[in-house]
Amino acid sequence: VQLQASGGGLVQAGGSLRLSCAASTTFFSINAMTWHRQAPGKQRELVAGITRTGTTTYSDSVKGRFAISRDNAGTTVYLQMNNLKPEDTAVYYCNVDLSHGLGSRWGRGTQVTVSS
């Protein structure tokens, strides 16, 4: 299973970006898909996630500003990021948790830079 992430870039504070992550697998092979980020000198942290049943979760720092969603096939997830702040600057990583004991996979990171 591979993950293809895209959508990062440079944006001014208050702006928006949308990240996407496509998993090369089937809907029923996915337990959950999540977005994480890692800023320089900091640990990787969970930003948002969506389970196969559609339950979503967000870190407190992004609640109300970010929204995770998925396509009809359930194998591509999106992270709509609004009202971006400089502290959102990080490399964003997509992760898929697979069913049937297949573990998880990480995608390549995509850089998000928010200028003040």
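The values are calculated or read from the model by the stated rules, or taken from the named source; none is laboratory data. The model shown is predicted, which means the values in this text are computed figures rather than measured ones. Here Cβ is always computed from backbone atoms with ideal geometry, including for glycine, and neighbour counts include all displayed protein chains. Accessible surface is based on the protein model in full, side chains and every heavy atom, while ligands, DNA and RNA are left aside. Shrake-Rupley method; radii C 1.70, N 1.55, O 1.52, S 1.80 Å.
Summary of values
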quantity: Residue tally, condition surrounded by fewer than 19 Cβ atoms within 10 Å (Cβ to Cβ) and either more than 10 Å from the chain's Cα centre (by Cα) or closer than 15 Å to residue 93 by Cβ (or both), over the range 59-69; calculated: 6
quantity: Any chance residue 64 is at positive phi and in contact with a Phe, Trp or Tyr (Cβ under 9 Å, 6 or more places away or on another chain); calculated: yes
quantity: The one condition in (1) modelled with pLDDT of 95 or more; (2) loosely packed, with under 12 Cβ neighbours inside 10 Å; (3) under 19 Å from residue 112 (Cα atoms) that residue 55 fails to fulfil; calculated: (3)
quantity: Residue within the range 89-99 that is of a type outside the set (A, V, I, L, M), within 15 Å of residue 13 (Cα to Cα) and in contact (Cβ under 8 Å) with a residue 40 or more places away in the chain present; calculated: yes
quantity: Residue 28, sole failed condition from (1) modelled with pLDDT under 95; (2) open to solvent by less than 50 Å² (accessible area, probe 1.4 Å); (3) hydrophobic (A, V, I, L, M, F, W, C); calculated: (2)
quantity: Those residues of the range 35-48 which are without any contact (Cβ under 8 Å) to a residue 40 or more places away in the chain, open to solvent by 20 Å² or more (accessible area, probe 1.4 Å) and small (Gly, Ala, Ser), in sequence order; calculated: 41
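A quick yes/no check of all residues on (1) modelled with pLDDT under 95; (2) open to solvent by less than 30 Å² (accessible area, probe 1.4 Å); (3) part of a strand (DSSP E or B):
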residue: 15; (1), (2), (3): no, yes, no
residue: 19; (1), (2), (3): no, yes, yes
residue: 33; (1), (2), (3): no, yes, yes
residue: 50; (1), (2), (3): no, yes, yes
residue: 78; (1), (2), (3): no, no, yes
residue: 105; (1), (2), (3): no, no, yes
